[in-house]
1. In the range 79-121, what is the volume of the convex hull around the alpha carbon atoms, normalised per residue and reported in Å³?
2. Contact order normalised by length for the chain, with contacts defined as Cα pairs under 8 Å and 6 or more residues apart; what percent is it?
3. Suppose we take every Cα in the range 60-136 and form the convex hull; what volume per residue is that in Å³?
4. Kindly provide the chymotrypsin sites (Phe, Trp or Tyr not before Pro) of the range 1-110 that DSSP labels as loop, not H, G, I, E or B, and whose Cβ sees at most 16 other Cβ atoms within 10 Å.
5. Can you pull out the GluC sites (Glu not before Pro) in the range 1-94 whose DSSP state is coil and whose Cβ has at most 16 other Cβ atoms within 10 Å?
6. Show that you can apply the helix-only estimate: for the chain, add -39,500 (n - 2.57) for every DSSP H stretch of four or more residues, divide by all residues, and state [θ] at 222 nm to the nearest 500.
7. How large is Rg/Rh for the chain, to two decimals, with Cα atoms and a Kirkwood Rh?
8. Can you tally the lysine pairs in the range 1-82 where the Cα-Cα distance is under 21 Å and the two residues are eight or more apart, or on different chains?
Amino acid sequence: MAATLSDKLKRLLDRPVFVTVVTVQPDGRPQASPVWVKRDGDDVLISTTVDRRKAKNLERDPRVSVVVVDPDEPYSYAEIRGTATMTTEGGPELIDELSVKYSGRTYAQFNPASAQDAQRVVVRVTPERVVGTLGS
């Protein structure tokens, strides 16, 4: 069953705030990565490449947590627990949109070596539960 994000959490995710995405390694251990994020309704979108560990983990096991900490209120946080789906459709567009949001430049301008990146993937996290002080 899908969960909804609070208005406060939505406003925070609409800002250029870094989040930590946590996936499950093949041996069951957690793997955490700080990433850029975009919100689409109550879903959370991140960009990665097909060859990165988080994409491989999510392909095998789509369970994911996204941890959001308000940089202005470091004791305010939310953990968005959910399931991820991945697609290559819209991958280059999403990384450009995120790069503009976070750096003010396209991804190629922000990271000129990006031309050598593997294929981009859009990861869509559909929340199933939201916990923490920003969750309500």
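1. Working: hull volume 3.9 nm³, N = 43.
Expressed per residue, the convex hull around the Cα atoms of the range 79-121 is 91 Å³.
2. Numbers: 277 pairs, mean separation 43.2, N = 136.
Relative contact order of the chain: 32 percent.
3. Details: hull volume 9.2 nm³, N = 77.
Roughly 119 Å³ of hull volume per residue.
4. Values: sites: F18, W36, Y75, Y77, Y102, Y107, F110; in loops: F18, W36.
Answer by residue number: F18.
5. Working: sites: E59, E79, E89, E93; in loops: E89.
In loop regions of the range 1-94 (DSSP not H, G, I, E or B), the sparsely surrounded GluC sites (Glu not before Pro) are E89.
6. Details: 4 runs with 32 residues, N = 136.
That calculation yields -6500 deg cm²/dmol at 222 nm.
7. Working: Rg = 14.4 Å, Rh = 15.1 Å.
Answer for the chain: 0.95.
8. Values: K8/K38; K10/K38; K38/K54; K38/K56.
Lysine pairs meeting the criterion: 4.
No value in this document is a laboratory result; all are computed from the given coordinates. These numbers were taken from a predicted model, which means no experiment stands behind them. Glycine also receives a Cβ, built like all others from the backbone with ideal geometry; neighbour counts cover every protein chain displayed.
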